[in-house]
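S.K.: I have a structure I would like to understand better, so I am pasting it below and will then ask my questions one at a time.
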Amino acid sequence: MNTHKINIRLRMIIIKNNKLLTTYTKNGDFYYYVGGHLEYGETILEGCKREIIEECGKGTEFTIKKVLYIRDFFDKKENNQNVELFILGDINKFEELEHHLDPQHEDGHVWLTWLDIENLPNNLFPKTLNKKLLEDFNKGFPNAGEYIGEID
């Protein structure tokens, strides 16, 4: 019997003062968008709020603006399908999040950092979204729910 799983991932796009909030992992030397998996029984908004609190700490409030991008990809190694929602939103914190350690990684190798939206590094994943994100940011994010398919 072929068993497979569909994961829904939430990625929050939070931009303040021309800075994008990201998670950095020292062991792999790369950045990724803040977020995680939607849990069974949660709404998208509930999942975003839970993930933000998990990653940014208690007292962090997330406001959803809109779903910007929808991406899907297959992980053949894990035999599952992934649907990823990139959600534009805002939070009530800024400076205190710089180098905030991720409590789910007790060894201290994962933390939050703000990146200059105009100069995103090549090791921010997914890489091919960086140019599009900057273009859409400069246009004021005119679109919503745009399907971007499989990207690196």
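Please treat every number below as a calculation from the coordinates, not as lab data. Keep in mind that what you see is a predicted model, and the values were worked out from it rather than measured. Cβ sites come from the backbone with ideal geometry, for glycine too, and all protein chains shown count toward neighbours.
S.K.: Would you mind checking which residues have amide H under 5 Å from Leu68's amide H? H placed 1.01 Å from N; only 5 or more apart, or other chain.
M.R.: Phe86, Ile87, Leu88, Gly145
S.K.: What is the spin-label model distance, in nm, from Lys26 to Glu54 if the labels are put 7 Å beyond Cα along the C-beta direction?
M.R.: 2.3
S.K.: Spin-label point model (7 Å from Cα, Cβ direction): what's the His37 to Asn79 distance in nm?
M.R.: Going from the His37 label point to the Asn79 one covers 1.6 nm.
S.K.: Taking 7 Å along the Cα-to-C-beta vector as the label spot, tell me the Lys66-Ile148 distance in nanometres, rounded to one decimal.
M.R.: Going by the 7 Å Cα→Cβ label model, 1.5 nm.
S.K.: Between Leu38 and residues 5 or more places away or on another chain, which pairs have amide H atoms under 5 Å apart, with H built 1.01 Å from N, and which residues are they?
M.R.: Long-range HN contacts for Leu38: Ile8, Arg9, Leu10.
S.K.: Okay, next question. Give me the net charge for the shell around His109: Cβ to Cβ below 13 angstrom, other residues only, Lys and Arg +1, Asp and Glu -1.
M.R.: In short, -3.
S.K.: Which value at 222 nm does the chain reach when only helices count, each DSSP H run of 4 or more adding -39,500 (n - 2.57), with the total divided by all residues and rounded to the nearest 500 deg cm²/dmol? Mind dumping the intermediate values first?
M.R.: Working: 2 runs with 23 residues, N = 152.
When only DSSP H runs of four or more count, the value is -4500 deg cm²/dmol.
S.K.: Are there GluC sites (Glu not before Pro) in the stretch 1-92 that DSSP marks as loop and that have at most 15 other Cβ atoms within 10 Å, and which are they?
M.R.: Answer by residue number: Glu39, Glu61, Glu78.
S.K.: Then there is this: Based on Cα positions only, what radius of gyration and what Dmax would you give for the chain, in angstroms?
M.R.: 15.2, 51
S.K.: Give the cross-link partners of Lys77 among the aspartates and glutamates, using a straight C-alpha distance below 18 Å as the criterion and excluding same-chain residues fewer than 8 apart.
M.R.: Straight-line reach from Lys77, under 18 Å: Glu150, Asp152.
S.K.: Here is a follow-up. Check which residues have an amide H placed less than 5 Å from Asp102's amide H, if you skip close sequence neighbours.
M.R.: Val110, Trp111, Leu112
S.K.: Could you pull out the pairs from Lys19/Lys139; Lys19/Lys65; Lys58/Lys127; Lys19/Lys93; Lys66/Lys139; Lys16/Lys65 whose alpha carbons sit more than 19 Å apart here?
M.R.: Lys58/Lys127
S.K.: Report ³J(HN,Hα) in whole Hz for each residue of the stretch 80-95, in order, from the Karplus equation J = 6.51 cos²θ - 1.76 cosθ + 1.60 where θ = phi - 60°; Gly and Pro get x.
M.R.: Calculated HN-Hα couplings, in order: 9, 10, 10, 10, 10, 10, 9, 10, 6, x, 9, 10, 8, 10, 9, 4 Hz.
S.K.: Read phi for every residue in the stretch 135-142 and hand back ³J(HN,Hα) as whole Hz from Karplus 6.51 cos²θ - 1.76 cosθ + 1.60, θ = phi - 60°, with x for Gly and Pro.
M.R.: Calculated HN-Hα couplings, in order: 4, 5, 4, 5, 8, x, 6, x Hz.
S.K.: Just add up the charged neighbours of Lys16: K/R +1, D/E -1, any other residue whose Cβ is under 15 Å from the Cβ of Lys16. Before the final figure, lay out each step's value.
M.R.: Values: positive: Lys19, Lys65, Lys93; negative: Glu61, Asp90, Glu95, Glu96, Glu98, Asp116, Glu118.
Net charge around Lys16: -4.
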